[in-house]
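In what follows, a single structure is set out as structure tokens and then discussed.
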Amino acid sequence: MPTADPKSAPQLSVPAYDYALFGEVEERPLDSIQQIIGRQTTASWRTVPHVTHHDEADVTDLDELRQQRATTAGSDAPPPTVLAFVIKACIAALKEFPDVNSSLDSSGQNLFVKRYYNIGVAVDTPAGLIVPVLKNADTLSLPEIAAATAGLAEKAHSGKLSLADVEGGTFTVTSLGKIGGTAFTPIINAPEVAIMGVSRARRKPVDHNGDIALRRILPLSLSYDHRVIDGAKAARFMGFIRDRLQDPATLV
Ligand code: CAO
């Protein structure tokens, strides 16, 4: 077998370039959080074989349930968010597919399957993307998940997260639902082995019980580590989540 010539190995970083040769340029240093996120996402993207599986859930009934709960809970209690339902469905799926709630060791030979469910939630802050963790999220009700997520997001925005708030995650959910988009490829928050991306729900004409109907459809994008999860398992995991979201009474 021929030995690879190290000089012909692919370059792993972009070469330095003088952009000012072509016009005015502003040079701006990245702040420390951006640099940390950059290092983590680069390490994950380079070392973890990512595949992203996309699906859609009909959340028309889920939206109705949210509205009903808003009415019955009274005006002081906001309805559980779409994100809270997605987190609840992911926890149910992690219990059904324990390998997804795991980490691979650096040798790639041993899997640590976790029996606790700590869900990271990506939060968009002025300082950059931060992922606080909902500890023991399986013990929380839907309103508690919604309230705890809002609390962590608020702490992230005000720069008040402690190390304990951001460590110990077993699976991450990242929602661009408020901002928009139909699908994306989330980067796995290694050493976790999967991450669920949520895009914006839209009313779309779909086949519903044999008729075309306008339904509210939520796009979901699951990126997974192909060393641990194969395509069939990912599709089943996603199908489980989709079915739970389409039958939201099972999550309440
Ligand atoms: N589809 C359509 N609308 C959605 C939605 C979805 N999937 N998810 C939320 N919304 C709507 C809600 O109905 C609500 O609308 P109203 O204000 O009209 O009631 C509003 O958006 C709330 O959105 P929110 O973003 O404030 O709350 P959230 O619980 O959905 O999410 C948080 C909280 C912290 C996760 C989110 O604010 C955030 O920071 N997301 C960005 C994460 C990110 O940047 N990920 C990218 C990672 S890759 O770089």
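The values are calculated or read from the model by the stated rules, or taken from the named source; none is laboratory data. Every value quoted in this text rests on a predicted model; they were computed, and no experiment measured them. Every residue, glycine among them, receives a Cβ derived from its backbone with ideal geometry; neighbour counts consider all protein chains shown. Heavy atoms of the whole protein, side chains included, go into the accessibility calculation; ligands, DNA and RNA do not. Shrake-Rupley method; radii C 1.70, N 1.55, O 1.52, S 1.80 Å.
Couple of notes before you dig in:
- Yes/no for Asp225 being acidic (Asp, Glu), within 16 Å of the ligand (Cβ to nearest atom) and crowded, with 18+ Cβ neighbours inside 10 Å: no
- Among the candidates Ala20, Ala70, Ala84, Ala16, residue that is among the small types (Gly, Ala, Ser) and touching a residue at least 12 places away in the same chain (Cβ under 8 Å): Ala84
- Residue list for the range 89-111, filter: without any contact (Cβ under 8 Å) to a residue 40 or more places away in the chain and of a type outside the set (S, T, N, Q): Pro98, Asp105
- Residues in the range 51-70 that are within 30 Å of Val228 (Cβ to Cβ) and in contact with a Pro (Cβ under 9 Å, 6 or more places away or on another chain): Thr52, His54, Asp55, Glu56, Ala57, Val59, Leu62.
- Only one of the listed residues (Arg46, Arg66) is exposed (fewer than 13 other Cβ atoms within 10 Å of the Cβ) and basic (Lys, Arg). That residue is Arg46.
- Within the range 84-96, tally of residues that are open to solvent by 40 Å² or more (accessible area, probe 1.4 Å) and of a type outside the set (Lys, Arg): 1
- For the range 115-129, the tally of residues that are over 24 Å from Pro79 (Cβ atoms) and open to solvent by less than 30 Å² (accessible area, probe 1.4 Å) stands at 3.
Residue by residue, here is whether (1) touching a Phe, Trp or Tyr at 6+ places or on another chain (Cβ under 8 Å); (2) within 16 Å of the ligand (Cβ to nearest atom); (3) assigned to a loop (DSSP other than H, G, I, E, B); (4) closer than 13 Å to Val252 by Cα holds:
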| residue | (1), (2), (3), (4) |
| --- | --- |
| Leu62 | yes, yes, no, yes |
| Gln67 | no, yes, no, no |
| Ala70 | no, yes, no, no |
| Phe85 | no, yes, no, yes |
| Ala92 | yes, no, no, yes |
| Ser107 | no, no, yes, no |
| Arg115 | no, no, yes, no |
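- Some residue of the range 36-49 being touching a strand residue (DSSP E or B) at 6+ places or on another chain (Cβ under 7 Å) and either aromatic (Phe, Trp, Tyr) or under 24 Å from Ile179 (Cα atoms) (or both): yes
- Residue in the range 163-174 that is farther than 23 Å from Arg39 by Cα, of a type outside the set (Val, Ile, Thr), open to solvent by 30 Å² or more (accessible area, probe 1.4 Å) and touching a residue at least 12 places away in the same chain (Cβ under 8 Å) present: no
- Only a single criterion out of (1) at pLDDT 95 or above; (2) surrounded by 10 or more Cβ atoms within 10 Å (Cβ to Cβ); (3) in a loop (DSSP other than H, G, I, E, B) is not satisfied by Asp55, namely (3).
- Subset of the range 205-249 (residues that are free of Cβ contacts under 8 Å to residues at least 60 places away in the same chain and among the hydroxyl-bearing types (Ser, Thr, Tyr)): none
- The range 72-83: number of residues that are within 16 Å of the ligand (Cβ to nearest atom), out of contact with any Lys or Arg (no Cβ under 9 Å at 6 or more places or on another chain) and in a helix (DSSP H, G or I): 2
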